[in-house]
Amino acid sequence: MSTEVAVVETRLSILGMRCAGCVSAIEGALAAVEGVTFVSVNFADHSALVKGDVEATALKQAAKAAGFDAAVMEGIEDPSVQEEQELQRYHALMKKAAVAGGFGLFLMFSEHFNWLPELGSPSGQWLWPQIALLTLGILGYSGWHFYSGAVTSLKLGQANMDTLIALGTGSAWLYSCIVIDYSATLPTLAKHAYFEAAVVILAFINLGTGLETRARGKTSSAIRQLIGLQPRTARVIRDGEEIDVAIETVGLGETLRVRPGEKIPVDGVILEGHSTLDESMLTGESMPTEKTVGATVAAGTMNQSGSFLLTARRIGRDTALAQIIKSVRDAQSTKPEIARLADKISGVFVPTVVAISFLTFWIWFMFGPEPSLGYAFVTSMTVLVIACPCALGLATPISVMVAVGRAAQSGILIRKGDALQTAGKLTCLILDKTGTVTQGKPTVVSIDPMGTHTEETVLQLAASIEAGSEHPLAAAILLAAANKQLKLDKIKQFEAIPGFGVTALINDQRVTFGNRALMDAREIKFSRFDNRLEKLSAQGKTPMLLALEDKVIGIIAVADPIKVDSAQAIQRLKDQSIRIIMVTGDNQITAHAIAKQAGISEVRAQVLPHEKAEVIKELQEQGEIVGMVGDGINDAPALAQANVGLAIGTGTDVAIESADVVILQGSLLKIPEVIALSKVTVLNIKQNLIGAFFYNTLSIPVAAGLLYPLFGILLNPMIAGAAMAMSSFTVVTNANRLRWTKLD
């Protein structure tokens, strides 16, 4: 007998991450915890997503042992605390940069204008040790977080950005102290202290990290906006009184009052009243939505006009808003294939750089010009400082974070990082018909009265007789009558004939409503309407005949019309050179009629739900990269089989497990937006990766002194520090451009 293992999903905020090398260290530490089945660390927002049968306490202990603090992130918590921490960190980094930079500039100007005594001179023997002690104090204030991090990494047998900075600035200070003590025995050209280099390097790195922190904070603006939609209080009716209570205390089934201008506090169903709601932040749809009794409403949407009562159906983390926030966060933590490569490179990059630094030192010391020790020290220190792989580690996750947030603001939930990379490569798109290309609900599309009868008379009789029917088409007839405010007649001797129609007495007259077969069975002649019936059928409509006694008095056609923007969306997809195929379980005539209206030339009809996956597999074997668009229920196997599964939701139907992407409104126009977003995101990631990779691969040889034999150029360690810090800031800034990308 097998026991099912409970899979718990935990999101941790990781404190102390300073470089991409930290990613592999944290992932390794968390993955080693017993029960963990999946770990994904996001360097861009300093978080970790962990899955498995494991307690949060064990995860926090593992992170602590690896040298990092961790805190559990809840699903819909107030982000102000984290924002305040980030702001405090930014200000602290700016202060550290200012102190180190101020002292470094003072030393640089003093040396430039010869304000300081020479090393080894009587006055220098007293002043330079004081400068060394003062420099040590500033290194401790402005760089303690780097040095403590380097020590922790060393204890764990690892190396990261802290290791490089600590080695670079620490060796600069130590070398300078040696120069002070042994200035009398060193060659003249080697008599140079690098105290100003050590502190200015820290100034630039703290400045760059601070600017990066500030810019990175903007990437989570979509999450903050979504969380901000959640009201803090709700007006609940208890014991006949309306009282304001904290949102956390609202229970299932409770009745709540929502007034004009208020946000909906929970997911529910309207019991009384009507209104228009602004659902734009959830669905991306700017037009207000009419809501009446029986309509569902989602937490976080804005009530615009009327006041109404609702009953709570989903609360807390079960609401659509909470599910959307969770989906966005999960997507921001997932890694597309291109990101895993960058993480692997970053994981081995720092130890490689340390080895290159030592090799550089040895080559310059053995073969360099005099003073070989000075050249060896400067070049090896420059290699350490400039080579930090922060930009490389940030290149992908920062773009993914911004893109997923940008999509959420348009009513598109990217649930998996791979979908963000693959959607732009799609060559073929499979569309389900019902609810995807069409509206998904039958509607009366035409009424043809005969003789002296009017449309109202025909519709009123049909609705009266269908009031007792449970057939899906009956709802369309009744809705059409309700929209025209028609009064229904009482019926007698009602009889439903499965597969044919209905019959009953109205005002003592026999009324028959149904298909041709029913008319034949009742010997009611209708041959003169054959052309009209065939024309309606060819258009994908379902015609029904209404007979009074033995005479046909009207034809009512019901259809599932295509969405108003389906044809426009399909044309846009064709313009992107994507092959469009409609696959449906409906009959050939209806399928081809709908496809013609939508502008689709390839159709596969009478395909069962499980057979749709086979169609996709067949196309994939032909070399197509296939996307599947469906409703996420009957289409689950096909959505899972496709390279990218896109589910059409309804604004609240967000937990569609089989889909990679969920469209929160029923518009196919969002599909071209997903493809466009994928393309610009992948381009943005490539820009970041190429920039970061070339930066590191080109800067290390230059820092090592490759240009010196040819041009006599050596890179100053201080410039290297500034370049390293600015590279990460540049990557973050480039990624943030996605926030303003136009997708339509």
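The values are calculated or read from the model by the stated rules, or taken from the named source; none is laboratory data. Keep in mind it's a predicted model, so treat the numbers as computed, not measured. Note that we place each Cβ from the backbone using ideal geometry, even for glycine, and neighbour counts take in every protein chain shown. Ligands, DNA and RNA are excluded from the accessible area calculation, which covers all protein heavy atoms including side chains. Shrake-Rupley method; radii C 1.70, N 1.55, O 1.52, S 1.80 Å.
Checked across region 281-295, the condition of being at pLDDT 75 or above, buried (at least 18 other Cβ atoms within 10 Å of the Cβ), farther than 17 Å from Val662 by Cα and in contact with a Ser or Thr (Cβ under 6 Å, 6 or more places away or on another chain) holds for at least one residue.
The requirement of being open to solvent by less than 80 Å² (accessible area, probe 1.4 Å), within 19 Å of Ala97 (Cβ to Cβ) and touching a Leu at 6+ places or on another chain (Cβ under 8 Å) is fulfilled somewhere in region 156-164, by at least one residue. When the strands (runs of 3 or more DSSP E) confined to region 400-470 are screened for residues that are at pLDDT below 90 and under 24 Å from Leu664 (Cβ atoms), those reaching at least 2 such residues are found at 412-414.
Of Arg314, Arg259, Arg235, which residue is open to solvent by 30 Å² or more (accessible area, probe 1.4 Å) and either within 24 Å of Val661 (Cα to Cα) or in contact (Cβ under 8 Å) with a residue 60 or more places away in the chain (or both)? Within the list Arg314, Arg259, Arg235, the selection yields Arg314. Of the listed requirements (1) open to solvent by 30 Å² or more (accessible area, probe 1.4 Å); (2) at pLDDT 80 or above; (3) in contact with a helix residue (DSSP H, G or I) (Cβ under 9 Å, 6 or more places away or on another chain); (4) farther than 11 Å from Gly268 by Cα, Gly300 misses just one: (1).
In region 536-553, the condition of being closer than 19 Å to Pro449 by Cα, open to solvent by 60 Å² or more (accessible area, probe 1.4 Å) and part of a strand (DSSP E or B) is met by at least one residue.
For region 245-256, a tally of residues being surrounded by fewer than 12 Cβ atoms within 10 Å (Cβ to Cβ) and either modelled with pLDDT of 90 or more or touching a helix residue (DSSP H, G or I) at 6+ places or on another chain (Cβ under 7 Å) (or both) returns 0. Could you tell me whether Glu523 is more than 23 Å from Glu456 (Cβ to Cβ), among the acidic types (Asp, Glu), more than 39 Å from the chain's Cα centre (by Cα) and not in a loop (DSSP other than H, G, I, E, B)? Considered against the rule, which asks whether it is more than 23 Å from Glu456 (Cβ to Cβ), among the acidic types (Asp, Glu), more than 39 Å from the chain's Cα centre (by Cα) and not in a loop (DSSP other than H, G, I, E, B), Glu523 comes out as no.
If I filter region 109-130 for residues that are open to solvent by less than 90 Å² (accessible area, probe 1.4 Å) and acidic (Asp, Glu), do I get at least one hit?
Taking region 109-130 as the starting set, the residues that turn out to be open to solvent by less than 90 Å² (accessible area, probe 1.4 Å) are 110-111, 116-117, 119-121, 123-124, 127-130.
Filter again for acidic (Asp, Glu), leaving 111.
Yes: region 109-130 contains one or more residues that are open to solvent by less than 90 Å² (accessible area, probe 1.4 Å) and acidic (Asp, Glu).
Val564 meets all of the listed conditions (1) among the β-branched types (Val, Ile, Thr); (2) out of contact with any Asp or Glu (no Cβ under 6 Å at 6 or more places or on another chain); (3) in a strand (DSSP E or B) but one, namely (3). For region 153-206, the tally of residues that are at pLDDT 80 or above and among the hydroxyl-bearing types (Ser, Thr, Tyr) stands at 2. Scanning region 471-481 for residues that are surrounded by fewer than 16 Cβ atoms within 10 Å (Cβ to Cβ) and modelled with pLDDT of 90 or more yields a total of 0. So, of the residues in region 570-603 that are among the small types (Gly, Ala, Ser) and under 25 Å from Val444 (Cβ atoms), which turns out to be most open to solvent (accessible area, probe 1.4 Å)? Only one residue fits best here, namely Gly585.
Where the second residue is surrounded by 12 or more Cβ atoms within 10 Å (Cβ to Cβ) and the first is polar (S, T, N, Q) and lies in region 118-134, which pairs have Cβ atoms under 6 Å and are six or more apart or on separate chains? Close Cβ pairs (under 6 Å, with a partner that is surrounded by 12 or more Cβ atoms within 10 Å (Cβ to Cβ)) amount to Ser123/Pro117. Checking each residue in region 673-705 for being more than 30 Å from Ser357 (Cβ to Cβ), open to solvent by 10 Å² or more (accessible area, probe 1.4 Å) and in contact with a helix residue (DSSP H, G or I) (Cβ under 6 Å, 6 or more places away or on another chain) picks out Lys679, Val682.
In the set (1) modelled with pLDDT under 85; (2) of a type in the set (Gly, Ala, Ser); (3) open to solvent by less than 60 Å² (accessible area, probe 1.4 Å); (4) in a helix (DSSP H, G or I), the condition left unmet by Ala640 is number (3).
For region 28-37, the condition holds for at least one residue, the condition being that it is buried (at least 18 other Cβ atoms within 10 Å of the Cβ), on the phi < 0 side of the Ramachandran plot, modelled with pLDDT of 80 or more and in a helix (DSSP H, G or I). If the condition is being at pLDDT 80 or above and among the small types (Gly, Ala, Ser), then region 719-744 contributes only Ala735.
Identify the residue in region 491-532 that is among the basic types (Lys, Arg) and in contact (Cβ under 8 Å) with a residue 24 or more places away in the chain and, among all such residues, is least open to solvent (accessible area, probe 1.4 Å).
Initial filter on region 491-532 (among the basic types (Lys, Arg)): 492, 510, 516, 522, 525, 528, 532.
Next cut, in contact (Cβ under 8 Å) with a residue 24 or more places away in the chain only: 510, 516, 522, 525, 532.
Details: Arg510: 61, Arg516: 90, Arg522: 96, Lys525: 178, Arg532: 77 Å².
Result: Arg510.
You will find that of Ala376, Ala387, Ala423, the residue that is under 30 Å from Ile663 (Cβ atoms), hydrophobic (A, V, I, L, M, F, W, C) and surrounded by 20 or more Cβ atoms within 10 Å (Cβ to Cβ) is Ala423 and no other.
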